[in-house]
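Everything on this sheet refers to the single structure shown next.
The values are calculated or read from the model by the stated rules, or taken from the named source; none is laboratory data. Computed from a predicted model, the values in this text were never measured in an experiment. Using ideal geometry, Cβ is built from the backbone for each residue, glycine included, and neighbour counts are taken over all protein chains shown. Areas reflect the complete protein model, heavy atoms only, side chains present, ligands, DNA and RNA absent. Shrake-Rupley method; radii C 1.70, N 1.55, O 1.52, S 1.80 Å.
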Amino acid sequence: MTATITEAVPAPADPAPASEPERTPPSPVRALLFSPLMVIGMTLITILVLTALFAPLLAPYNPRAVTGPPLQLPSARHWLGTDIPGRDNLSQLIYGTRTSAVAAVVGSSLALLFGILLGVLPTLLGGFTDRAANRVAVFMLALPMFPLLIMIAALAGKSDTVVLVVVITAGIWPNARILRSKTLGLRDAGFITAARGFGGGRLYVLRRHLLPGMGPLLMVRWVEWASTAVALSAGLAFLGLVDPSSSSWGLMINRATTQQGIYFSPMWPWWALPPGFAVLFTILSFLFVGIALEPVFNPRWRRSA
């Protein structure tokens, strides 16, 4: 009797799965350009800037001229109706973009300039200058800022655009202590020490090394302070602390809400709501851009994402 011995044939191994190609993360600039917040924010800011530049062409009437009967409802001639004297609300809304644009651009730029002069430069100099500038900023931050700004604007009397910008700058620049903390981190960096060792003066180090190194932070802070400037401008105008003959979103809300029984008439949605939404969307546009810029310029944010 012969036994047949069969050798066990091993089963074929499963083919190894094909390795997927590694996906390279998009560059920060590309991620920024395609960020929904950046697209929405820049679209709204572009509309604001174009409206402010071409206000005489877009407004159907002079915002100060009486062009219709008082409190007229929206019609073909007056798309948002008229106010108590009979001025066109749409024209006032369009010209109000100029006040907000000036407050955002000039106010935040001056606040950033004062932040550099009183926050960055004294920190680079060190010693008594740094301590004195820091004490002034801390003292300003400890004050109730908005009541102080109201008092300054009230004492200034008829507040024109220049006074408004100065008041807004005074309310924003104490936040420059953020720039001081960044400067303290860069002051002892290796390339700063090397530049000083090769004979670079303080102004040279500030201009060639420190400010470029702080560029991303300065850009983010400028955008955030622009939204703060718009809010302060509208708030001061709402309180009546601006030139009453000017065109401002806050002044439009002030005129609408001071009329007794305005909310019991069909006119209030066309007189009070449009400038309120304009202030809201302008502030949100700058905030969206600031939020979109933060992950690009903050390495710790990118590592934690």
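Here are some notes:
- The value of relative contact order for the stretch 189-291, using C-alpha pairs under 8 Å at least six residues apart, is 28 percent.
- Whole-Hz Karplus values for the stretch 77-94 come out as 7, 10, 5, 10, x, 10, 9, 4, x, x, 8, 6, 5, 5, 5, 5, 5, 5 Hz, taken residue by residue from phi with 6.51 cos²θ - 1.76 cosθ + 1.60 and θ = phi - 60°; glycine and proline positions read x.
- The stretch 235-295 and the stretch 149-222 have Cα centres separated by 30 Å.
- Taking the 1.4 Å solvent-accessible surface of the stretch 82-131 as the whole, the part contributed by carbon and sulfur is 76%.
- Dimensions in Å of the stretch 75-203 - Rg and Dmax from alpha carbons: 21.4, 72
- Accessible carbon and sulfur surface of the stretch 220-286 relative to its total accessible area, %, 1.4 Å: 71 percent
- For the stretch 42-97, diffusion coefficient by Stokes-Einstein and Kirkwood Rh (Cα), 10 °C, 1.306 mPa s, µm²/s: 138 µm²/s
- Evaluated over the stretch 154-305, the Cα radius of gyration and Dmax, each in Å: 21.5, 74
- As a ratio to 2.2 N^0.38 Å, the alpha-carbon radius of gyration for the stretch 143-232 is 1.45.
- Judged by the mean number of other Cβ atoms found within 10 Å, the most tightly packed of the peptides 215-228, 58-71, 84-97 leads the ranking 84-97, 215-228, 58-71.
- Accessible area per residue for the stretch 152-273 is 48 Å², calculated with a 1.4 Å probe on protein heavy atoms, without ligands, DNA or RNA.
- Under a 5 Å amide H cut-off, with hydrogens placed 1.01 Å from N, ASP88 pairs with THR67 among residues at least 5 apart or on other chains.
- Share of pairwise Cα separations in the stretch 190-242, more than 19 Å, in percent: 53 percent
- Scattering from the stretch 258-297 was approximated by placing one identical point on each alpha carbon and applying the Debye formula without solvent; log10 I(q)/I(0) at 0.19, 0.20, 0.31 1/Å stands at -0.63, -0.66, -0.95.
- Cα-based Rg / Dmax (Å) for the stretch 112-185: 13.7, 44
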